[in-house]
Amino acid sequence: MINNPQFTIKEPVSVSGQIYQYLKESIVTCEIEPGSSVSEKAISASLEVSRQPVREAFIKLAECGLLKIYPQRGSVVTRISIKAVMDGKFIRSAIECAVVKNLAQTVTEAQLKVLNEIIGLQQAAIHEQNYREFLRQDDAFHQQMALFADCKLAWDTIDNLKTSMDRVRYLDIKRDKSMDEVVNEHQALIEALRQHNDERAAALLAAHLDDVPEVIDDILMTKADWFETQN
């Protein structure tokens, strides 16, 4: 369960939406571990909110595959599905590589400056060993590329299907060199965009997203019980 949650209600976003985002991040970062039982009553007490917005958040978490709700029996955080991770990686790579190829043809210096500023925030997160913030800025980097390419729907689609992949990503960035590697890959991608080299930009992004099987193998060595049993 969540200990000493740093959670405050903000306007005008719905309370259930804020609780959903907070719990989603807690599950993605494995603060709430795969396989853990969670209850509406305990969460509402912990966050000092009524049970209704928590119930609504639980439904959304179930819809994105992070929670299983058992009527009259409670709810359980899903274990990580390797198939869901790999399916998400495949679809994300296909969509985002197409987005980046489009962006390479139209990108401006002002847009590249924004992307570099996000990298600066990632580097600050590395210095502070703030894994959550690093992951937020990693998402911001990829989302911003989609927005600059005028493909908001592409990012919305990716964001909806990558929740299983996100848990693996978070566990990966906590390893010794992973965050520095991500930053280096982002910097190389920016350089390809600056050169308007769409094929190289797409190839760099594909490689950037392609280490998932190796990451899973490494994590399985110490956290096998966090994954679904494979038939």
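The values are calculated or read from the model by the stated rules, or taken from the named source; none is laboratory data. The model shown is predicted, which means the values in this text are computed figures rather than measured ones. Here the Cβ is made from the backbone with ideal geometry for all residues, glycine too, and neighbour counts use every protein chain on show.
Structure summary
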item	result
Enumeration of residues in the range 109-129 that are touching a helix residue (DSSP H, G or I) at 6+ places or on another chain (Cβ under 8 Å) and of a type in the set (S, T, N, Q)	111, 116, 122, 123
Pick from the range 32-75, criterion of a type in the set (Ser, Thr, Tyr) and part of a helix (DSSP H, G or I), ranking: nearest to residue 132 (Cα to Cα)	46
Any hit, the range 66-81, residues being within 18 Å of residue 206 (Cα to Cα) and within 15 Å of the chain's Cα centre (by Cα)	no
Any chance residue 178 is under 24 Å from residue 227 (Cα atoms), of a type in the set (S, T, N, Q) and modelled with pLDDT of 90 or more	no
Residue match in the range 100-114 (condition: within 13 Å of the chain's Cα centre (by Cα), assigned by TED's automatic domain parsing to the domain that holds residue 180 and free of Cβ contacts under 8 Å to residues at least 40 places away in the same chain)	no
Residue 129 being of a type outside the set (A, V, I, L, M) and at positive phi	yes
Filter result (of a type outside the set (Asp, Glu) and over 24 Å from the mean Cα position of the chain (by Cα)) within the range 47-65	49, 50, 51, 52
Residues (crowded, with 21+ Cβ neighbours inside 10 Å and within 18 Å of residue 126 (Cα to Cα)) located in the range 174-205	179, 182, 186
The range 122-140 residues that are aliphatic (A, V, I, L, M), paired with ones that are surrounded by fewer than 14 Cβ atoms within 10 Å (Cβ to Cβ) and in a helix (DSSP H, G or I) (beta carbon under 7 Å, 6 or more apart)	126/180
Hits in the range 212-224 - residues which are exposed (fewer than 15 other Cβ atoms within 10 Å of the Cβ) and free of Cβ contacts under 8 Å to residues at least 24 places away in the same chain	214, 217, 221, 222, 224
Residue satisfying condition, being modelled with pLDDT of 90 or more and surrounded by fewer than 17 Cβ atoms within 10 Å (Cβ to Cβ), within set 104, 94, 146	94
Lone qualifier among 180, 210, 139, 225 - being closer than 18 Å to residue 89 by Cα, in a helix (DSSP H, G or I) and of a type outside the set (A, V, I, L, M, F, W, C)	139
